[in-house]
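A.B. asks: Mind having a look at this structure? Questions to follow.
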Amino acid sequence: MTNEDSACAAWTTPDELALARDWIVTRLDALGLTPRGEPHIVKQGPISVVWRQPIEGGADVFFKAVPPLFAPEPPLTEWLSRRWPAHVPPVLAIDRARRWMLTRAVAGVVLSELDASKAWAATVRALARIQIDSISHAAELAEHGCPTRELDALPGELDRVLEEAIPLCAATENAVPDAVVRALHARRDSLRADAARLAGFGVPATLIHGDFVPGNVLIAGGSAVIIDWTDGARAHPFFDLVIFARGRAARRAAAPRDALAQAYLAEWSAAGLGDAGALGEAFDLAQRLAPLYHAASYRRIFELGPAAVAEFADVLAWLLGMVVEDA
């Protein structure tokens, strides 16, 4: 990697990245793996540094570093990879203090490139099983630093998005339209009522991925492997599907949105966590609130600085547009 290629995000330094390269070599040596050449930069942006290291005679290895905001990702991913080895990439090593992680590359096809309804349905079923399993592991998730985003705090997040995130977007080409801002102010009471109604269904908080998009899923050996748990948190589980089902990549979904929801909720019914009718009502209501949940996540990401705002302002505007459309 050249110095030009190794430009740093605001939350790291060239010295730290040099130490990371040494750490990679040391950890690989301890595992009996030999790097082949220099690591290739996959991404060095405002929210992560990702390198791909070729390995002699074996699958490549990915190195990932994240800012303090996403410090739980390495320990959380390591824990998940042990509980769900068919659905989470193998984690070879982490440095929790430095927020570094080494994972094995997974040989698979990105879900968004597949025109196979079974693969899309199998993916949402796998997510549901991971979520349901996490219900009884709240203490372990907390030990790994996984934050809890309480449902009753969600309406208050709208104020912070309005006061903090939207003004930061104003100087970008993706400023949130004034009409959307006015509509968001008018949605305060109905959002609070929706959150109270959703809580009334009694669906337990679970681990959610937080950025569950088809591009973060690889189909390998017939299994859905879910990568990039950067935004992992304990929250309402049904919030995870809104971007998966309504984002840009979802336009190419091989399965209709209703079929994906049914496949997902079937896992919840099978686990005895509600009848189909009540779960369906809760799911529909959750989709109205989910865009605000994700907008609040981007409000936190914007705290990483102007580069993060510039990269994700369009996503915030899209999410807030959905909040208004779903009123």
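Every number in this text was worked out from the coordinates using simple rules, so none of it is lab data. In this text the structure is predicted, and so the values were computed from the model without any measurement. Methodologically, a virtual Cβ is constructed for each residue, glycine included, from the backbone with ideal geometry; neighbour enumeration extends over all protein chains shown.
A.B. asks: With equal scatterers on the alpha carbons only and no solvent term, can you work out the Debye log10 of I(q)/I(0) for region 96-202 at 0.18, 0.19 1/Å?
C.D. replies: -1.12, -1.09
A.B. asks: Just to confirm the number: angle between the C-alpha axis of helix 73-83 and the first principal axis of the chain, 0 to 90 degrees, nearest 10?
C.D. replies: Orientation of helix 73-83: about 90 degrees from the principal axis.
A.B. asks: Taking 0.36 nm per residue of separation and subtracting the Cα-Cα distance, what length does fully extending Asp284 through Glu173 add?
C.D. replies: Between Asp284 and Glu173, full extension yields an extra 36.7 nm.
A.B. asks: If every alpha-carbon in the chain counts as one equal scatterer, what log10 I(q)/I(0) does Debye give at q = 0.09, 0.12, 0.16 1/Å?
C.D. replies: For the requested q values the scattering log ratios are -0.48, -0.87, -1.48.
A.B. asks: While we're looking at this one, here's another question. In whole Å, largest first, what are the principal axis extents of the Cα atoms in region 14-104?
C.D. replies: Its Cα atoms span 34, 31, 21 Å along the three principal axes.
A.B. asks: What does the extension gain come out to for Asp152 and Val213, with contour length at 0.36 nm per residue minus their alpha carbon separation?
C.D. replies: 19.4 nm
A.B. asks: Right, here's the next one. So what are the ³J(HN,Hα) numbers for region 289-302, from phi and the Karplus equation (6.51, -1.76, 1.60; θ = phi - 60°), rounded to whole Hz, Gly and Pro as x?
C.D. replies: 8, 4, x, 5, 4, 6, 4, 4, 5, 6, 4, 5, 4, 4
A.B. asks: Compute the angle between helix 306-325 and the longest alpha-carbon principal axis of the chain, please, reported from 0 to 90 degrees and rounded to the nearest 10.
C.D. replies: The answer is roughly 30 degrees.
A.B. asks: Then there's this: From the alpha carbon gyration tensor of region 158-263, can you work out the equivalent ellipsoid semi-axes (sqrt of 5 times each eigenvalue) and give them in Å, largest to smallest?
C.D. replies: Over the Cα atoms of region 158-263, the semi-axes work out to 28, 20, 14 Å.
A.B. asks: Do the sum for the chain: with -39,500 (n - 2.57) for every DSSP H run of n ≥ 4, divided by all residues, what is the mean residue ellipticity at 222 nm, to the nearest 500 deg cm²/dmol?
C.D. replies: -14500 deg cm²/dmol
A.B. asks: Let me know the volume per residue of the alpha-carbon convex hull for region 135-176, in Å³.
C.D. replies: Convex hull volume per residue, Cα atoms: 111 Å³.
A.B. asks: At what distance in nm do the modelled label points of Glu113 and Arg197 sit from each other, each positioned 7 Å from its Cα along Cα→Cβ?
C.D. replies: Those two pseudo-labels are separated by 4.2 nm.
A.B. asks: Run the numbers for His185 and Ala142: contour at 0.36 nm per residue of separation, minus the present Cα-Cα distance, in nm.
C.D. replies: 12.1 nm
A.B. asks: Taking only the alpha carbons of region 110-168, what extent do you get along each of the three principal axes, in Å, biggest first?
C.D. replies: Dimensions of region 110-168 along the principal axes of its Cα atoms: 43, 33, 19 Å.
A.B. asks: May I ask you to derive the relative contact order of the chain, considering only C-alpha pairs under 8 Å and at least 6 residues apart, and to give it as an integer percent?
C.D. replies: Value for the chain: 20 percent.
A.B. asks: Separate question: Calculate how steeply helix 117-134 sits against the longest principal axis of the alpha-carbon atoms of the chain, using the helix alpha-carbon long axis, and give the answer as 0 to 90 degrees to the nearest 10.
C.D. replies: Approximately 90 degrees, to the nearest 10.
A.B. asks: At 7 Å along the Cα-to-beta-carbon direction for both Arg96 and Ala59, put a label point, then send me their distance in nm to one decimal.
C.D. replies: Spacing of the two 7 Å Cα→Cβ label points: 2.5 nm.
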